[in-house]
Amino acid sequence: MARHLSKNDPQCNNGLVELLAILERHYGEQRPFWPTDPYLFLLWWNSGYPASDAECSKGWEAVNREFSSDPEMLLEADNRRLAAALKAGGIIPEVRAERIKELASRVVEEFGGDLAGALKKVREPQRRRILKSFPGISDPGADRILLFAGISATAAVPSSSPQVLLRMIVGSAGDNYSRNYRQAQTIIGDQIAPEYGPRQRAFLLLKRHGDQICKRSAPRCNVCPLAQPCAFTHGLRGR
Ligand code: SF4
């Protein structure tokens with residue numbers, strides 16, 4: 001179980017709000033560059049593989065250029081033509097074409113074409129169960145979808161970079177991904193108001209920082225705007 005951390009924890013010398021302000025001064029205001037509607041996000045997510053931002057965006061653009069994002073129209077799309085368009089988003093386009101067909105079919109048949117509306121009608125844990133029933137979506141993906149769709153102000157953490165928060169505030173991240181993710185969620189839960197704007201802002205800044213500077217395998221502390229207050233570098237200096 002994740003250890004409960006709060007702003008007053010002796011290991012937690014830096015307030016997340018202050019650290020995010022430094023990141024925002026460095027990167028500027030961030031906006032989501034992916035579709036925030038739940039169905040459209042799932043379409044974007046399945047348009048690329050490996051599912052990086054760049055590959056998903058390339059596949060998504062090709063699908064929208066050649067076909068449409070409308071689920072009814074995608075159901076009518078020729079499988080081979082859809083797979084050919086999805087080559088823009090990376091490998092295994094045939095598998096992704098099948099997944100997109102299945103996604104479109106489920107959204108039309110199970111959710112009347114309105115996945116967002118269906119999610120709003122139910123509560124947790126049913127919302128999460130629905131989202132996790134789609135391929136490639138686990139808890140971090142469900143948290144992100146619910147937060148950015150304005151359905152639930154979850155303590156979402158960028159799935160590719162829970163290490164960022166732990167290094168900044170606790171000093172290091174462990175080897176267990178699930179534990180790191182939950183601990184990072186606890187920090188957000190404790191320090192960021194449960195409102196859409198502040199939690200989306202935190203997610204976007206942490207994602208940008210993890211993508212560009214505080215990378216998983218090799219953090220670039222020498223160019224980091226948080227080098228001074230970061231608990232990770234405090235630990236290095238204390239050795
Ligand atoms: S100083 Fe290093 S560990 Fe700390 S946030 Fe920056 S890159 Fe990450």
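Read-outs throughout are calculated quantities, based only on the coordinates presented, and are distinct from any laboratory measurement. Given the structure is predicted, the values throughout are model-derived calculations rather than measurements. Here the Cβ positions follow ideal geometry from the backbone for every residue, glycine too, while neighbour counts run over all protein chains shown.
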(request) Diagonalise the Cα gyration tensor of region 109-239 and give the resulting equivalent ellipsoid semi-axes, square root of 5 times each eigenvalue, largest first, whole Å. (result) 32, 14, 12
(request) Enter the Cα centre distance for the pair region 101-139 and region 145-196, rounded to the nearest angstrom. (result) 23
(request) Scan around Gly90 for amide H atoms under 5 Å from its own, H built in the peptide plane at 1.01 Å from N, and keep only partners 5 or more places away or cross-chain. (result) Tyr49
(message) Can you give me the Rg/Rh ratio for region 143-218, using Cα atoms for both radii and the Kirkwood formula for Rh?
(response) 0.95
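Taking Cα atoms of region 1-143, Rg/Rh with Kirkwood Rh, to two decimals?
In region 1-143, Rg relative to Rh is 1.09.
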(request) Per DSSP H run of at least 4 residues, take -39500 (n - 2.57); add these up for the chain, divide by its residues and hand me the 222 nm value, nearest 500 deg cm²/dmol. (result) -17000 deg cm²/dmol
(request) Please turn the phi angles of region 120-132 into ³J(HN,Hα) values with the Karplus equation 6.51 cos²θ - 1.76 cosθ + 1.60 (θ = phi - 60°), one per residue in order, whole Hz, x for glycine and proline. (result) 5, 7, 10, 10, 5, x, 5, 4, 5, 4, 4, 5, 6
(message) From the convex hull of the Cα coordinates of region 98-156, what is the mean projected area in square nanometres?
(response) 3.8
(request) Please report, to two decimal places, log10 I(q)/I(0) for the chain at q = 0.14, 0.15, 0.16 Å⁻¹ as given by the Debye formula with identical point scatterers on the Cα atoms and no solvent. (result) -0.92, -1.02, -1.11
(message) Percent of Cα-Cα pairs more than 20 Å apart in region 55-121, please.
(response) 27
(request) Within 10 Å of each residue's Cβ, count the other Cβ atoms and sort Arg167, Arg216 from fewest upward. (result) Arg216, Arg167
